[in-house]
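A short write-up of the structure that comes next.
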Amino acid sequence: MRTIIFDAFSGASGDMILGTLISLGVDREKVREVIESSVDVSVRVGEANKRGICAVDVHIDVDHEEHARHYDELVSIVMNAGLPPKVEHSVLAVFELMGRAESKVHGEPLDELHFHEVGQNDALADVIGSCFAMHEIGADAIYCLPINVGGGRVKAAHGSMPVPAPATLEILQQTGLVFYGSGKRELLTPTGAAILGHFARPIENFPKGKVLSVGYGAGDADTEDPNVLRSTLINMEDDLSRDSIEVLETNVDDVTGEVLGNLFEKLLSIGARDVAIIPATMKKGRTGHIIKVITKPEHSATIAREIMRETGTLGIRVIPTKHRYTADRRMDSVKVIIRGKVYDIPVKIAEDHTGEILHISAEYEDCKKVAKELDLPLKNVIRKVEEEAWNIYGSGYLA
């Protein structure tokens, strides 16, 4: 299965993503033609040497100074650009991600929001070109290793702010991409975060596979490490992801339901992947519970200590479990009409590396709010949302 792995060890921006995809094998002339026919810019594609790494360097030249645009203006430009339907959908989704982030940060409705830097023609060109290149390369799956966002402070319209910039941080929160901070300048831009956030799912390590090609896209920064975005096209051998986990287990008695309920929530908040508390009969016929926790090995000590603090148990069994098979999970949303009102409900989609949908589940809390508002059974709302999600995202897999 053809899979792209983005390694943003020196951050990411729109032009870096575009450059690394061209370096990976996308036809640069096709990219240039799509961008220049959609936006009033000219595209220069060359090479740059970044600390000994040869990378594709993309520059978007804009002839005149531009004004800030409303979100609706951006949507109109994209929809009138004559892009292929899949590319148009992706471009609109990327700008919606940025729009929602800016809207939350500034406390303004999306339809009243002015886009400054991310609404300029060069940003439009970066997004359109990157989305076209993503579809052109024809990967079956796209992943992103933890992203270096940089450090220090960045100058914004409302003053100096710590890195990552507020809008970038919102996009990271919305998409679930994993990140860390290293360096003294901004390395991840809102445009770069939104493009990667739309297309890629987070992954902690390179999966098993064979390398088909490697690409490097040059950034503009002069940093101690090469300011490049690396992408690797690999042929993955497994349809399901694997990871390494540990199962922590202990028996407790004389612990109240209230304490166990509080422990359940606390363990999930400090790194537990799953928690099960099972009623059991202990020695001498006493009632008790078996606490089982699934977690990553790096969180085991913290979780074991918390179980001891909360329950008084003196020992925790640790059961290493290697290569657990997992479905890849991503969040999306569907618009449903219930009793004449439109609701945008998040859904969790589980799929394998081939893109086959294995399961779709509606987000409980969002469905609960709708059910309460309309005085409907919760199960009816969940069923409606999941049916609509299958129609949109999983129609190819319905028998």
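When residues in region 105-145 are screened for being charged (D, E, K, R) and at pLDDT 85 or above, 3 of them pass. Out of Glu310, Glu249, report the one residue that is open to solvent by 20 Å² or more (accessible area, probe 1.4 Å), part of a strand (DSSP E or B), touching a residue at least 24 places away in the same chain (Cβ under 8 Å) and of a type outside the set (Gly, Ala, Ser). Every option except Glu249 fails the conditions. Of the numbered criteria (1) exposed (fewer than 15 other Cβ atoms within 10 Å of the Cβ); (2) touching a strand residue (DSSP E or B) at 6+ places or on another chain (Cβ under 9 Å); (3) within 18 Å of Leu97 (Cα to Cα), the one Gly192 fails is (1).
Counting only helices (runs of 4 or more DSSP H) wholly contained in region 1-112, the ones carrying 2 or more residues that are within 28 Å of Pro202 (Cβ to Cβ) and in contact with a Cys (Cβ under 6 Å, 6 or more places away or on another chain) occupy 85-106. Summed over region 128-166, the residues that are touching a residue at least 40 places away in the same chain (Cβ under 8 Å), within 18 Å of Glu186 (Cα to Cα) and of a type in the set (Val, Ile, Thr) give a count of 2. The requirement of being touching a Ser or Thr at 6+ places or on another chain (Cβ under 9 Å), within 25 Å of Asp328 (Cβ to Cβ) and buried (at least 18 other Cβ atoms within 10 Å of the Cβ) is fulfilled nowhere in region 111-126; no residue meets it. Only a single criterion out of (1) within 18 Å of the chain's Cα centre (by Cα); (2) buried (at least 16 other Cβ atoms within 10 Å of the Cβ); (3) under 21 Å from Val34 (Cα atoms) is not satisfied by Leu145, namely (3).
Matching residues to (1) at pLDDT 95 or above; (2) more than 30 Å from Val178 (Cα to Cα); (3) in contact with a strand residue (DSSP E or B) (Cβ under 6 Å, 6 or more places away or on another chain):
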{"site": "Thr20", "(1), (2), (3)": "yes, no, yes"}
{"site": "Val26", "(1), (2), (3)": "yes, no, no"}
{"site": "Val31", "(1), (2), (3)": "yes, no, no"}
{"site": "His59", "(1), (2), (3)": "no, no, yes"}
{"site": "His67", "(1), (2), (3)": "no, yes, no"}
{"site": "Ser76", "(1), (2), (3)": "no, yes, no"}
{"site": "Ala81", "(1), (2), (3)": "no, yes, no"}
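Taking into account only those residues within region 148-173 that are buried (at least 19 other Cβ atoms within 10 Å of the Cβ) and not β-branched (Val, Ile, Thr), which is nearest to Leu24 (Cα to Cα)? Ranking the candidates gives Asn148 first. Applying the set (1) under 25 Å from Gly46 (Cα atoms); (2) open to solvent by 70 Å² or more (accessible area, probe 1.4 Å); (3) touching a strand residue (DSSP E or B) at 6+ places or on another chain (Cβ under 9 Å); (4) charged (D, E, K, R) to Glu186 leaves exactly one unmet item: (2).
The values are calculated or read from the model by the stated rules, or taken from the named source; none is laboratory data. All figures in this text were calculated on a predicted structure; none of them were measured in a lab. Cβ sites come from the backbone with ideal geometry, for glycine too, and all protein chains shown count toward neighbours. Note: accessible area is taken over every heavy atom of the protein model, side chains too, but ligands, DNA and RNA are not part of it. Shrake-Rupley method; radii C 1.70, N 1.55, O 1.52, S 1.80 Å.
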